[in-house]
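Written below as structure tokens is the structure these notes are about.
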Amino acid sequence: QAQLVESGGGLVQAGGSLRLSCAFSGRTVSDYVMAWFRQAPGKEREFVAGVTWGGGGTRYADSVKGRFTISRDNRKNTVSLQMNSLHAEDTAIYYCAAIATRFVVPVDASEYSYWGQGTQVTVSS
């Protein structure tokens, strides 16, 4: 009965910052990779950032490197995405995702087993 719930979305001006959080409730096991994806209207869902169970392995889309930081707290079953220097192109629905028994971060959405319902991020210029 694992469930992922995102929060922290909203409206922000270009150049601003926003922090998203994802709470993973229910039974969890070790070696879960957690990640963030986003989807803008008319576009396919794309990988944003991911982190391994131990927190030491992170992976970012080229479009967000240097601006976004992903982190996780396994004791609280949460994963966060700190977004800085936001662009209008970052506007999308952001989804939290997870997959078990992975030791590197997949970038293909089809490989993830658990998904949140998404939170809207809108960046205005």
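The values are calculated or read from the model by the stated rules, or taken from the named source; none is laboratory data. Since the structure is predicted, the reported quantities are computational estimates derived from the model, not experimental observations. Cβ atoms come from the backbone with ideal geometry, glycine included; neighbour counts cover every protein chain shown. Heads up: the accessible areas ignore ligands, DNA and RNA and are worked out on the full protein's heavy atoms, side chains in. Shrake-Rupley method; radii C 1.70, N 1.55, O 1.52, S 1.80 Å.
Only one of the listed residues (Val79, Val48, Val105) is in contact with a Lys or Arg (Cβ under 8 Å, 6 or more places away or on another chain), β-branched (Val, Ile, Thr) and farther than 30 Å from Ser125 by Cα. That residue is Val105. Restricting attention to region 17-50, the residues that are part of a loop (DSSP other than H, G, I, E, B) and open to solvent by 20 Å² or more (accessible area, probe 1.4 Å) total 13.
Of note, Glu111 does not satisfy the criterion of being modelled with pLDDT of 95 or more, open to solvent by 30 Å² or more (accessible area, probe 1.4 Å) and either farther than 10 Å from Ala35 by Cβ or within 12 Å of the chain's Cα centre (by Cα) (or both).
Matching residues to (1) in contact (Cβ under 8 Å) with a residue 24 or more places away in the chain; (2) among the aliphatic types (A, V, I, L, M):
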{"site": "Gly9", "(1), (2)": "yes, no"}
{"site": "Gly15", "(1), (2)": "yes, no"}
{"site": "Arg38", "(1), (2)": "yes, no"}
{"site": "Val51", "(1), (2)": "yes, yes"}
{"site": "Arg59", "(1), (2)": "yes, no"}
{"site": "Thr69", "(1), (2)": "no, no"}
{"site": "Arg75", "(1), (2)": "no, no"}
{"site": "Pro106", "(1), (2)": "yes, no"}
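Residue-wise test of (1) within 29 Å of Gln13 (Cβ to Cβ); (2) of a type in the set (Ser, Thr, Tyr); (3) open to solvent by less than 40 Å² (accessible area, probe 1.4 Å); (4) at pLDDT 95 or above.
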site: Trp53; (1), (2), (3), (4): no, no, no, no
site: Ala61; (1), (2), (3), (4): yes, no, yes, yes
site: Gly66; (1), (2), (3), (4): yes, no, no, yes
site: Ile70; (1), (2), (3), (4): yes, no, yes, yes
site: Thr101; (1), (2), (3), (4): no, yes, no, no
site: Gly116; (1), (2), (3), (4): yes, no, yes, yes
site: Thr119; (1), (2), (3), (4): yes, yes, yes, yes
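Would you mention how many residues in region 10-37 are of a type in the set (S, T, N, Q), modelled with pLDDT of 95 or more and out of contact with any Gly (no Cβ under 6 Å at 6 or more places or on another chain)? Matching residues across region 10-37 total 2. Residues in region 33-51 that are β-branched (Val, Ile, Thr) and over 8 Å from the mean Cα position of the chain (by Cα): 2 in all. Does Val12 count as hydrophobic (A, V, I, L, M, F, W, C) and farther than 16 Å from Ala97 by Cα? It is true that Val12 is hydrophobic (A, V, I, L, M, F, W, C) and farther than 16 Å from Ala97 by Cα.
Residues that are among the β-branched types (Val, Ile, Thr) and closer than 17 Å to Pro106 by Cα within region 15-68 comprise Val33, Val48, Val51, Thr52, Thr58, Val64, listed in sequence order. For region 72-99, the set of residues classified as open to solvent by 60 Å² or more (accessible area, probe 1.4 Å) and either outside any loop (DSSP other than H, G, I, E, B) or among the hydrophobic types (A, V, I, L, M, F, W, C) (or both) consists of Glu89 only.
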